[in-house]
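Encoded as C-alpha cells, the structure appears first; notes follow it.
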Amino acid sequence: MSDSHDHHLELLTADQVSRSFSHLCSAILRPRIAEIGVTWQAWGAKDVHNRPCGLLLAKRIASESGTILSVVSLVVTPDERRKGVASRLLQHIRSAATQDGISRLHLSIPLERPCTAALHKLTPRRDGWTTSPGKVVVTLSDRCRVEPLLIRLEQSVARMSRRAQWHIEPYPRKLTSELQQRLKHSGSEPIGAPWDPADNSYSWEPEHRFSRLLRGDRGQIIGWLITHIAGIDLLRYGKLWIDPGWEQTGAPLALLCDVMRTAHFQHGIETREGELCCPVRRGCFISHPTNERLHNLILRKFKPVCDSWVEVENCLLNL
Ligand SMILES: CC(C)(COP(=O)(O)OP(=O)(O)OC[C@H]1O[C@@H](n2cnc3c(N)ncnc32)[C@H](O)[C@@H]1OP(=O)(O)O)[C@@H](O)C(=O)NCCC(=O)NCCS
C-alpha cells in the first residue's frame, strides 16, 4: 500500500488543470478554471505512475479582517483515497497561504455526507480550526410534492396582495441603466448584499426568462429574484432582494411563486422571441440560518418537500 509521500504535489496553472485534472473538477466549477492563477489557486497530486489523482481548488476572498483563502473543492480519485493525499494538499495550501500573507483559511463541510468524517478529521480543533453553522443547500425536483405547496403559497399570495402596491415584471434581457443604478444603491446600504453584475466572483449570468423585477407604487424598482442555470436541468434561485419596508406585503412570496410556476410547471411556453422553454426539472437555492425569518419559512415549508437538504459547517483557521 502506498502512502501520501508516494504522491507528487504541485501548484497548477489553468492550462494544466484543463488538460489533466478536469475530471476532478465538477461541471459547475469548470467555467472557473480560467481564473486559476488570478483569484483562484489549484494544487494537484499525482500518483506513483504520474497520473493525476487529487485536486484542491481555492479562491481568495477579500474581507475587512484580511484575505481569506477558501477551499472550494477537494477531490481525490477513489483508488487513492485514505492514503493521506487530501491531508497533504491541505497542508501545502496552508503553508503557501501563510507565506502569501493570507489571514484565514476556510473550508465548508457538508454534514451527513460520505465525505463529512474525512473533512472533520482534516480540520481538527487541536490544530486551531473553529466551526460555525453555515448555509443550507436545498434542492427540489419532486413535482408531485412541490406543486401542492406551490398552490398553498399562491393562495397566501392572493390573500396578502389584495391591496398590493407593487407589481412583478419580467427581468430585462440586457442590464438597463435604471437597474444598474438600483443595484448600486442597494450595495451602499448595510442591509445585505444585492447581486452585483460587476463583481466577477459570480460565475453566472441571470436566466432572464425565469428572473423577475418588482416595482413599487411609483414604478420604482423595489426588489428582484434572479435565477441562473446551475447545471443540466437545474435552476438556481440565486438572489432574492426586497427593499426594507416591503417584506410583509406578500411580494417576496409572490416573486418566488411566479418563478416556480413558470420555470417548473408550465409546458412549452412560447416566449415573445419564439423560444420554447420546457419545464426545468430541478430547482435549488441556498438558505442562510442567520436570516432567521426566511430560514424558518424554508424549514417549515420546503424541507418536507425537498429531495436534498444539505447543511454546511464553516471551518476557519487563523494563520
Ligand atoms: C474527502 C476526500 C477528499 C478525502 O481524501 P483522502 O485523500 O482520502 O483523505 P486523507 O487520506 O488525507 O484522510 C484524511 C483523514 O480522513 C480520514 N478519512 C478519509 N476517508 C474517510 C472516510 N471515508 N471515513 C472516515 N474517515 C476518513 C483518514 O483516515 C484521515 O484521518 P487521520 O488523519 O485521522 O488518519 C475524498 O474522500 C474525496 O475525494 N471524496 C469525494 C469528494 C468530496 O466529497 N470532497 C469533499 C467536498 S469538497
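Readers should treat all values here as calculations from the given coordinates under stated rules, not as data from a laboratory. Computed from a predicted model, the values in this text were never measured in an experiment. Please note: Cβ atoms are built from the backbone with ideal geometry, for glycine as well, and neighbour counts cover all protein chains shown.
A few notes on this one:
- Top of HIS167, HIS49, HIS106 by mean-square fluctuation, Gaussian network on the chain, Cα under 10 Å: HIS49
- With eigenvalues of the C-alpha gyration tensor scaled by 5 and rooted, the chain, Å: 40, 21, 20
- Helical runs (DSSP H, four residues minimum) scored at -39500 (n - 2.57) apiece and divided by the length of the chain put the mean residue ellipticity at 222 nm at -7000 deg cm²/dmol.
- Length available on full extension from ARG30 to ASP142: 0.36 nm per residue minus the Cα-Cα distance, which gives 37.6 nm.
- Dipole magnitude of the chain about its Cα centre (Cβ charges: Lys, Arg +1; Asp, Glu -1), debye to nearest 20: 560
- Only one residue of ALA158, PRO110, ILE298 has its Cα farthest out toward the positive end of the dipole of the chain, where Lys and Arg carry +1 and Asp and Glu -1 on Cβ, and that residue is ALA158.
- Inter-site label distance for THR131 and VAL310 at 7 Å from Cα along Cβ, in nm: 1.7
- Two-site label geometry, GLU112 and LEU11: point separation in nm, points 7 Å out along Cα→Cβ: 4.1
- Mean separation of Cα contacts under 8 Å, 6 or more apart, over the residue count of the range 4-102: relative contact order %: 26
- Using the Cβ-Cβ distance between LYS121 and ASP79 with R0 = 25 Å, the FRET efficiency computed as 1/(1 + (r/R0)^6) comes to roughly 0.80.
- Going from the residue with the fewest nearby Cβ atoms within 10 Å to the one with the most, VAL136, VAL310 rank VAL310, VAL136.
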